[in-house]
Amino acid sequence: MNNSPFPIRGVVEGFYGAFYTAPERNDLISFISEYGYNLYVYGPKNDRQHRARWREPYPDFIMEQFAETVSHSKKLGVEFCYSIGSGVSINYAAEEDFQYITSKWKAFYDIGVRTFMIMLDDIKAEFLHDEERKRFKSYGEAHVHLTNRLYNWLKSIDKMCTLSICPTDYHGKAPFSDYIHELGEGLLSGIDICYTGPEICSKTISEQDAANFAEAIHRKPIIWDNYPVNDLAMTSEMHIGPITGRDASLPSECKGFIVNTMSQAEASKISLITYADYFENPEGYNAWVSWEKALKRVGGEDNYNALRTFAENSLYCCLGFAEAEKLEALTSNVLLELHSGESASTSQAMNKLYNYLDLLDEAGYHLKFRMTNYALRNNLLSWIELMESWAWAGRRAIAVLKALENKEEVNGLLCWLKDSIGEVEKHPKRFAGSVLLPLIEYTRVKVAKDFGALVFQNE
């Protein structure tokens, strides 16, 4: 990807929750190097020595792991960036806290790191100490003071060192906050600034969005793209679709992207391949063609059909895709026929839905027990099992409707259907949203009408 119009093409391990093991991280760095990425930013929020207890040094064995990763990255042409999330508790006026940061960064410099970031995101824009209030007129002034001083310190030990900042206000639209303008005016020109677009997780990022932010900060930003990340309120979601909604003309207004991945490293590779295609040729990028390629590359050709069936029902995310378009259409067609008086036994729409639910079930079995990318299998397992539960719930609802119509015994079927409903309602993950619920509700009403009671309503 030497011809990419984006100078910076990176991944940021910047999510909340369980962060990667050293082998997972090294594997992901190997992977992104194949696809033209040139930067890996380390900054998982739940690494205590990165954020909550940032003043503490890392244990020796962890620093040995970092040293191996830095060496591994260099061999592959990927710059390793170490970031620190000191904003949670720093005293901007305290010399001691500045020394804590530089001491930690010096330890990473000694193992080969030359690229650094300070993360001042997801914190309250307020001072914690009287000393700060007396010294600085604003929160922005304090951030400018600290960041410029860190930049000058880095340059004093090595001119090759670079610094970027993820600011406290990292998203939004023009005219932006006073804080952002203060950073733009005060930060030294060599310091890069991150921007997530109009929203924290942006459906679209336009050339104009980036241009407006660039004007406010007096430099081109680095886009910190919060897709496919699935932390915090999104932990129930598996973000496995392609990147969309990024203007082809963005290279004119930004330096590049760092892509915030999911805690599921292997599953993140699918969207990362689509980003790589966008980085290589924004004008010619076709998201869904790229996605098909990515599914085959990560899942393997032999598993493509099963993985594609799974993935087309797991598209819910900030990008605004239809979550489970085919399943929703099949279910709607069934309900249209039933409401128009079509027999459950002869409904062609119902047969098509039943066959597709069979396909979901078979896909789940294949992905669990036939796919040899075990890392991907383990990443997807909870969602695969929910897919299977939905398939059973839908098929059992259909079986109940047919049995009622044929005046057959339904007590056993009702018990199984109730079990399936309980499984999907209690499951912590999200798959296909609620597109099958109208069919299940129709079945519930039909049963109530025939039996005079809500016989499979959960207690």
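Which whole-number percent gives the relative contact order of the stretch 8-299, counting Cα pairs below 8 Å spaced six or more residues apart?
On the way: 536 pairs, mean separation 52.4, N = 292.
Reported as a whole number, the value is 18 percent.
Which one of THR69, CYS415, PHE310 has its Cα pushed farthest toward the positive end of the charge dipole of the chain, where Lys and Arg give +1 and Asp and Glu give -1 at the Cβ?
Ranked along the dipole, the leading option is THR69.
Using the Karplus curve 6.51 cos²θ - 1.76 cosθ + 1.60 with θ = phi - 60°, work out ³J(HN,Hα) for each residue of the stretch 325-342 in order, rounded to whole Hz, and write x for Gly and Pro.
Using θ = phi - 60°, the values come out as 4, 5, 5, 5, 5, 4, 5, 4, 5, 4, 5, 4, 5, 5, 5, 8, x, 5 Hz.
Beyond 25 Å, what share of the Cα-Cα pairs of the stretch 325-451 is found? Please give it as a whole percent.
Working: 2030 of 8001 pairs.
Considering the stretch 325-451, 25 percent of its Cα-Cα pairs are separated by more than 25 Å.
Quickly rank 282-293, 33-44 as a protection proxy: mean count of other C-beta atoms within 10 Å, highest first. Please list the in-between numbers first.
Values: 282-293: 15.4, 33-44: 21.3.
Descending mean neighbour count gives 33-44, 282-293.
Tell me which of ASN286, ALA93, SER340 sits at the most positive position along the dipole axis of the chain, charges placed on C-beta atoms (Lys, Arg +1; Asp, Glu -1).
ALA93
Report, as a whole number in µm² per second, the diffusion coefficient that Stokes-Einstein gives for the stretch 59-101 at 4 °C and 1.567 mPa s using the Kirkwood radius over alpha carbon pairs.
Numbers: Rh = 12.6 Å.
Here the translational diffusion coefficient equals 103 µm²/s.
List the residues, sorted by chain then number, that are 5 or more residues from LEU163 or on another chain and whose placed amide H is less than 5 Å from its amide H.
Those lying under 5 Å, H to H, from LEU163 are PHE116, ASP192.
Once phi is turned into ³J(HN,Hα) by the Karplus curve 6.51 cos²θ - 1.76 cosθ + 1.60 with θ = phi - 60°, what whole-Hz value does each residue of the stretch 387-394 show in order, with x for glycine and proline?
4, 5, 5, 5, 4, 5, 4, x
Would you mind listing how long the chain runs along its three principal axes, going by Cα atoms, in whole Å with the largest first?
85, 47, 45
Give the long-range amide H neighbours of ASN313: residues separated by 5 or more places, or on another chain, with amide H under 5 Å away, using H modelled in the peptide plane at 1.01 Å from N.
So ASN313 has HN proximity to no qualifying residue.
Relative contact order of the stretch 298-389, please, whole-number percent, based on alpha carbon pairs below 8 angstrom and at least 6 residues apart. Write down the numbers at each step before the final one.
Details: 73 pairs, mean separation 30.6, N = 92.
Reported as a whole number, the value is 33 percent.
Collect residues whose amide H, placed 1.01 Å from N in the peptide plane, falls under 5 Å from the amide H of SER83; neighbours closer than 5 in sequence don't count.
Those qualifying (amide H under 5 Å, at least 5 residues apart or on another chain) are TYR42, MET117.
Give me the Debye-computed log₁₀ of I(q)/I(0) at q = 0.14, 0.15, 0.16, 0.25 Å⁻¹ for the stretch 206-294, equal point scatterers on Cα only, no solvent, two decimals.
Log10 of I(q)/I(0), two decimals: -0.52, -0.59, -0.66, -1.20.
When the helices in the chain are scored as -39500 (n - 2.57) per DSSP H run of 4 or longer and the sum is shared across all residues, what 222 nm value do you end up with, to the nearest 500 deg cm²/dmol?
Working: 15 runs with 228 residues, N = 459.
One gets -16500 deg cm²/dmol as the mean residue ellipticity at 222 nm.
What list of ³J(HN,Hα) couplings, whole Hz, do you get for the stretch 9-21 from phi and the Karplus terms 6.51, -1.76, 1.60, once you set θ to phi - 60° and write x for glycine and proline?
9, x, 10, 10, 8, x, 8, 8, x, 5, 8, 6, 6
Using the charge dipole of the chain (Lys, Arg: +1 at Cβ; Asp, Glu: -1 at Cβ; taken about the Cα centre), state which of TYR365, MET117, ALA276 has its Cα farthest towards the positive end.
MET117
Order the peptides 366-376, 185-195 from the highest to the lowest mean number of other Cβ atoms within 10 Å of their residues. Mind showing how you got there, number by number?
Details: 366-376: 15.3, 185-195: 18.6.
Ranked from most to least packed, the peptides come out as 185-195, 366-376.
What does the charge dipole of the chain about its Cα centre add up to, to the nearest 20 debye, if the Cβ of each Lys and Arg holds +1 and the Cβ of each Asp and Glu holds -1? Don't skip to the answer; put the middle values down first.
On the way: 47 positive and 63 negative charges, 81 e Å.
It works out to roughly 380 debye.
Among 117-127, 94-104, how do they line up by average Cβ neighbours within 10 Å per residue, starting with the highest?
Details: 117-127: 18.8, 94-104: 14.9.
Those peptides, ordered most packed to least, come out 117-127, 94-104.
Values quoted throughout were computed directly from the atomic coordinates according to the rules given, and no laboratory measurement underlies them. Here the structure is a predicted model, which means the values were calculated and not measured. Neighbour counts are summed over all protein chains in view; Cβ atoms, including those assigned to glycine, are modelled from backbone coordinates with ideal geometry.
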